[in-house]
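Chemist: Let me give you the structure first, and then I'll get to my questions.
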Amino acid sequence: MKRSFEAIVVGAGPAGSAAALVMAKAGVDVALLERGNFPGEKNMFGGMLHKMPSLEEHFPEYWNQAPLERHVNKKATIFMTDDAYFNATMEWDAFDKPPYNGYTVFRPRWDNWLAQEAVKAGATLINRCTVEDLILKNGKVVGVKTLRDNGEIYAPVVVSAEGVLSFLADKMGMRKKFNPAKMAVGCKCLLDMPKQMIDDRFGLVRDQGVAYEYVGVSMGVRGGVALYTNRDSVSVNMVCHIGSLGKSGITLYDMMNNFLEQPQMKKLLNGGKLAEYSAHAIPEGGYEMIPKLVADGFLITGDAAAFCNATGINLEGINMATHSGILAAKTVIAAKQNKDYSKGSLDLYRKLIEDSYVYKDLKTFKRAPGLLHDDRIFQKYPDFALDMLKKIYHITGEPKQNMTMLVLKHMLTNGKVSVMDLVSTVWTAWRAL
């Protein structure tokens with residue numbers, strides 16, 4: 001039997017479920033297709049869920065409703081070598097009060113919750129449903145082909161929220177070819193650890209959480225590590241530039257194991273038990289990777305549209321994906337009212353995106369990925385900075401030099417970092433950020 005809906009959303013991640021939720025609340029008969037056994041089963045994430053005003057419109061106090069792990073009130077950037085580390089930590093009272101600035105989440109719980117909220121609103125969730133192609137009629141998208149029996153599902157509009165690999169966008173010729181220089185790969189290690197142990201190790205109370213970002217631990221490859229505390233587990237996430245990783249000859253799991261074996265990390269994570277190990281591609285190119293967003297009967301959202309902001313200061317993905325899904329939903333609602341699903345009608349989505357913080361932030365920081373291509377940040381500066389700090393704090397009984405002379409002398413004797421290196425990096429960072 002031919003199955004038909006008023007809209008189809010492919011992928012029940014944050015973008016897809018948010019789109020289906022908003023459509024269903026507006027009375028759109030929408031199908032939400034998920035290839036996993038349940039939403040979130042196949043999604044890898046080990047980061048922060050940042051504050052999302054667009055979601056608060058539908059859940060005014062979602063921090064009391066959603067399955068969040070901890071609110072993040074402490075952030076730190078840590079330079080680390082084999083025998084030393086230095087961290088700059090920020091804590092702010094406002095981060096410890098609702099509405100919180102960010103949270104840690106466990107994607108299987110979070111994604112499933114958001115998808116079920118869409119179902120409550122009237123969406124039809126179909127799990128174990130892998131979409132293999134689009135159905136076109138006179139050049140317009142009118143449905144999808146799935147790997148299920150009688151697998152054709154029809155609708156006048158399809159929203160792709162299928163993730164970074166975006167097969168449907170590729171089939172439509174809308175996605176730019178993958179460039180290793182603009183892609184990263186993330187590797188996640190989830191360690192089970194009792195809540196009280198986490199609280200004691202990281203100096204936390206109640207549902208407070210931390211986000212630590214480590215520099216200098218990627219064995220010279222462009223990349224770093226982020227650590228996040230969940231309620232009763234710790235996520236350790238290594239993100240590396242694919243091009244740099246390929247040239248290094250080093251495997252991602254070797255880098256992760258090397259990090260976990262560092263004395264500082266063994267002390268911090270002692271007693272944790274490995275519960276999960278996974279990997280995932282990340283669209284690091286940002287603004288330069290954004291594909292064509294609209295075609296006749298077709299929209300692209302979330303990671304599939306490269307809506308991920310990797311500036312080196314923050315990594316924003318879920319909030320941008322969710323917001324883009326909501327804007328896609330508003331476009332479909334307007335198209336239904338106008339009974340027009342042509343590219344011209346759906347172009348409202350592009351206009352909404354370009355007027356949103358998602359597009360504007362990606363455009364503002366479009367040079368930021370280039371900053372992350374500066375090998376000196378990962379190969380030279382961590383050692384240089386920690387060696388400098390050792391000289392500053394080491395008491396020898398000899399007279400101290402002023403800071404300028406100390407830095408210049410260290411550059412001459414260390415030989416790894418020159419004045420031109422610093423000037424070049426500062427200039428690149430200023431242009432990027």
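Chemist: What accessible area per residue, rounded to a whole number of Å², is obtained for the chain using a probe radius of 1.4 Å? Let's see the in-between values first.
Modeler: Numbers: 19870 Å² over 433 residues.
Heavy-atom SASA per residue in the chain reads 46 Å².
Chemist: Would you be so kind as to identify which of Gly102, Trp92, Gly139 lies farthest towards the positive end of the dipole of the stretch 76-204, taking Lys and Arg as +1 and Asp and Glu as -1 on Cβ and the Cα centre as origin?
Modeler: Ranked along the dipole, the leading option is Gly139.
Chemist: Which one of Asn338, Tyr349, Leu327 has its Cα pushed farthest toward the positive end of the charge dipole of the stretch 286-397, where Lys and Arg give +1 and Asp and Glu give -1 at the Cβ?
Modeler: Farthest along the dipole direction, towards plus: Asn338.
Chemist: While we're looking at this one, here's another question. Using a Debye calculation, one point per C-alpha and no hydration shell, please list log10 I(q)/I(0) for the stretch 69-224 at q = 0.09, 0.11, 0.13, 0.17 Å⁻¹ in order.
Modeler: -0.54, -0.76, -0.94, -1.15
Chemist: For the stretch 218-229, take each phi angle, set θ = phi - 60°, evaluate the Karplus expression 6.51 cos²θ - 1.76 cosθ + 1.60, and give the result in whole Hz per residue in order, putting x for glycine and proline.
Modeler: These are the phi-based 3J(HN,Hα) values: 9, 6, x, 7, 5, x, x, 10, 10, 10, 10, 9 Hz.
Chemist: What share of the DSSP beta bridges in the chain is antiparallel, in percent to the nearest 5?
Modeler: Counting only bridges with both partners in the chain, antiparallel ones make up about 70 percent.
Chemist: Would you grab the residues whose amide H sits under 5 Å from the one on Arg3? Only those 5+ places off in sequence or on another chain, please, with H modelled 1.01 Å from N.
Modeler: So Arg3 has HN proximity to Tyr154.
Chemist: Mean Kyte-Doolittle of at least 0.0 and a Cα length of 27 Å or more along the axis: which whole DSSP H helices of the chain meet both?
Modeler: Within the chain the helices that satisfy the rule are 318-338.
Chemist: Taking a 30 Å limit on the Cα-Cα distance, which of the listed pairs Lys2/Lys25; Lys140/Lys188; Lys74/Lys188; Lys292/Lys380; Lys273/Lys360 fall beyond it?
Modeler: Lys140/Lys188; Lys292/Lys380; Lys273/Lys360
Chemist: Amide H to amide H, which residues 5 or more places from Ala12 or on other chains are under 5 Å from it, using H placed in the peptide plane?
Modeler: The answer is Arg35.
Chemist: Right, next: Taking a quarter of the surface of the convex hull around the Cα atoms of the chain, what do you get in nm²?
Modeler: Answer in nm², one decimal: 22.7.
Chemist: Please give the length that would be gained between Glu276 and His58 if that part of the chain were fully extended, namely 0.36 nm times their separation in residues minus their C-alpha to C-alpha distance (nm, one decimal). Kindly include the intermediate steps, with their values, before the conclusion.
Modeler: Values: separation 218, 0.36 × 218 = 78.48 nm, distance 3.23 nm.
Extending this stretch completely gives an extra 75.2 nm.
Chemist: Could you give me the ³J(HN,Hα) list for the stretch 263-269, computed from phi with Karplus coefficients 6.51, -1.76, 1.60 and θ = phi - 60°, whole Hz, x at Gly and Pro?
Modeler: Using θ = phi - 60°, the values come out as x, 5, 6, 4, 5, 6, 9 Hz.
Chemist: Next up: Between Arg128 and Leu165, what is the spin-label point distance in nm, taking each point 7 Å from the Cα along the Cα→C-beta axis?
Modeler: 2.0
Chemist: In whole percent, and with a 1.4 Å probe on the protein chains, what portion of the accessible area of the chain is carbon and sulfur?
Modeler: Taking all protein chains in place, the chain shows 53 percent carbon and sulfur surface.
Chemist: Additional query: So, with +1 on the Cβ of K and R and -1 on the Cβ of D and E, and no other charges, what is the size of the charge dipole of the chain about its Cα centre, to the nearest 20 debye?
Modeler: 740
Chemist: Work out from phi, with θ = phi - 60° and the Karplus expression 6.51 cos²θ - 1.76 cosθ + 1.60, the ³J(HN,Hα) of each residue of the stretch 277-291, listed in order in whole Hz, and give x for Gly and Pro.
Modeler: Ordered by residue, 3J(HN,Hα) equals 9, 8, 9, 7, 7, 10, x, 7, x, x, 3, 5, 9, 4, x Hz.
Chemist: Taking a label point 7 Å from the Cα of Leu389 along the Cα→Cβ vector, which residues of the stretch 197-240 have an amide N closer than 11 Å to it?
Modeler: From the stretch 197-240, the list is 215.
Chemist: So, one more: Evaluate the relative contact order of the chain (contact order divided by residue number), counting alpha-carbon pairs under 8 angstrom at least 6 apart; express in whole percent.
Modeler: Details: 908 pairs, mean separation 84.9, N = 433.
About 20 percent, as a whole number.
Chemist: Rounded to the nearest 500, what is the chain's calculated 222 nm mean residue ellipticity when only DSSP H runs of at least 4 contribute -39500 (n - 2.57) each, over all residues?
Modeler: After summing the helix terms and dividing by the residues of the chain, the value is -10500 deg cm²/dmol.
Chemist: Hey, could you grab the Kirkwood Rh for the stretch 216-352? Inverse mean 1/r over distinct alpha carbon pairs, Å, one decimal.
Modeler: Here the Kirkwood hydrodynamic radius works out to 17.8 Å.
Chemist: DSSP beta bridges in the stretch 1-119, what fraction antiparallel, as a percent rounded to 5?
Modeler: Of the beta bridges lying entirely in the stretch 1-119, close to 75 percent run antiparallel.
The values are calculated or read from the model by the stated rules, or taken from the named source; none is laboratory data. Note that the structure is predicted; figures quoted are calculated from it, not measured. For neighbour counting, all protein chains shown are included, and Cβ atoms are generated from backbone atoms with ideal geometry for every residue, glycine included. When the accessible area is computed, the model is the full protein with side chains, heavy atoms only, and any ligands, DNA or RNA have been set aside. Shrake-Rupley method; radii C 1.70, N 1.55, O 1.52, S 1.80 Å.
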